[in-house]
Amino acid sequence: MAQLAVNVDHVATLREARGINYPEPVAAAVAAETAGADGIVVHLREDRRHIKERDVRLLRKIVQSKLILEMAATSEMLGIALDIKPDCVTLVPETKKELTTEGGLDLISHENYVREAVTTLKNAGIAVCIFIDPDLDQIKVAHKIDADMIEIHTGAFCDATTGAQKQKEFFRIVDAAKIGTKLKLEVNAGHGICYNTIKAFKGLHEISEFSIGHSIVARAILTGMEQAVRDMKQLISGL
Ligand code: PXP
């Protein structure tokens, strides 16, 4: 069964909407783990719009499954990662104006600096995943620069509005998952996955882990975090 890594960024988004000290993303992480989350994910952005360094440090102390830090491959972030030592870093592109991560890292344009980041993190004992679009050339570079894992960007599939578009985007994900596995990369998937779109992944056993945030936190407002995580785990167990 594929694993579920729960992203708690949007618990912090709600906290920051008022600039106060609740809801607490660390408490959400504990509830997610209680319900069976296999990992906790946070994205520490340069502008600190939701998750703060304090959250990552506390999570490092309390997360019992694994802590996955999403970050840009900047020298500031590398310094923080080397200090906090998450179990895994997922390297993502980042721009100030985006509402959320808009695309995968372009490894063809940025091979050299991403390779340096991969080496630095791996030398410190941190596993490295690279968030990339389902594009065979990108995956080949991820393999070449010695990443441990790739996370395939599922946003284009999840956001597609027509059946034909959805099918085309899904086939890109299938091809990417298969080539990644062939290259002995661990293949994860994430971005935009909800309680409906997850069902499309039935039979695609190449995917080791789903990284899901917004839809789980949105459901948690109505059902509580533990139930929201259990519901997603149940859907993943049926894939
Ligand atoms: N994976 C990556 C690399 C992301 O940047 C995000 C968004 O923070 C996610 C997964 C989770 O996406 P969503 O919140 O849409 O489930």
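You can think of it this way: the chain between Thr223 and Asn123 has 31.8 nm of extra reach, that is 0.36 nm per residue less the Cα-Cα gap.
Pairs of Cα atoms nearer than 8 Å and 6+ residues apart set the relative contact order; for the chain it is 21 percent. Counting beta carbons within 10 Å around each of Leu235, Leu67 and listing the fewest first gives the order Leu235, Leu67. Largest GNM mean-square fluctuation among Gly19, Gly192, Gly213, using the chain with Cα springs under 10 Å: Gly19. By other beta-carbon atoms within 10 Å, ranking Lys122, Lys61 with the fewest at the front produces Lys61, Lys122.
So what is the relative contact order of the range 3-126, in percent, for Cα pairs below 8 Å that sit 6 or more residues apart?
20 percent
Note on Leu69, Leu183, Leu136: ascending count of other Cβ atoms within 10 Å places them as Leu136, Leu183, Leu69, the fewest first. Modelled this way, with points 7 Å down the Cα-to-C-beta line, the labels at Glu53 and His214 are 2.9 nm from one another.
Taking the centroid of alpha carbons for each part, the range 63-81 and the range 158-172 are 31 Å apart. Return the single residue from Thr162, Thr154, Thr95 with maximal mean-square fluctuation; model: Gaussian network over the chain, springs between Cα atoms under 10 Å. Looking only at Thr162, Thr154, Thr95, the biggest GNM fluctuation is shown by Thr162.
Based on the Cβ-Cβ distance of Thr34 and Asn112, what FRET efficiency does E = 1/(1 + (r/R0)^6) give at R0 = 41 Å, to the nearest 0.05?
Given R0 = 41 Å and the Cβ-Cβ separation, E is 0.45.
3J(HN,Hα) couplings calculated from phi for the range 94-105 with the Karplus curve 6.51 cos²θ - 1.76 cosθ + 1.60 (θ = phi - 60°) are, in sequence order, 8, 10, 5, 7, 5, 6, 8, 4, 8, x, x, 5 Hz; Gly and Pro show x.
Between Leu14 and Thr161, what length comes free when the chain is fully extended (0.36 nm per residue of separation minus the Cα-Cα distance, one decimal in nm)?
Result: 50.1 nm gained on full extension.
Counted residue by residue at 0.36 nm each, then reduced by the alpha carbon distance between them, the extension gain from Thr95 to Asp175 reaches 26.0 nm. Phi-derived couplings, Karplus 6.51 cos²θ - 1.76 cosθ + 1.60 at θ = phi - 60°, listed residue by residue for the range 209-222: 8, 9, 10, 9, x, 4, 5, 6, 5, 4, 5, 4, 4, 9 Hz, with x used for Gly and Pro.
The separation of the range 95-113 from the range 178-239, counted between C-alpha centres, amounts to 22 Å. Placing a label point 7 Å from the Cα of Asp83 along the Cα-to-Cβ direction, the residues of the range 106-128 whose backbone N falls under 20 Å of that point are 117-118, 120-127.
None of the figures in this text is laboratory data; all of them are computed from the coordinates on show. Model, not experiment: these values are computed from the prediction. Methodologically, a virtual Cβ is constructed for each residue, glycine included, from the backbone with ideal geometry; neighbour enumeration extends over all protein chains shown.
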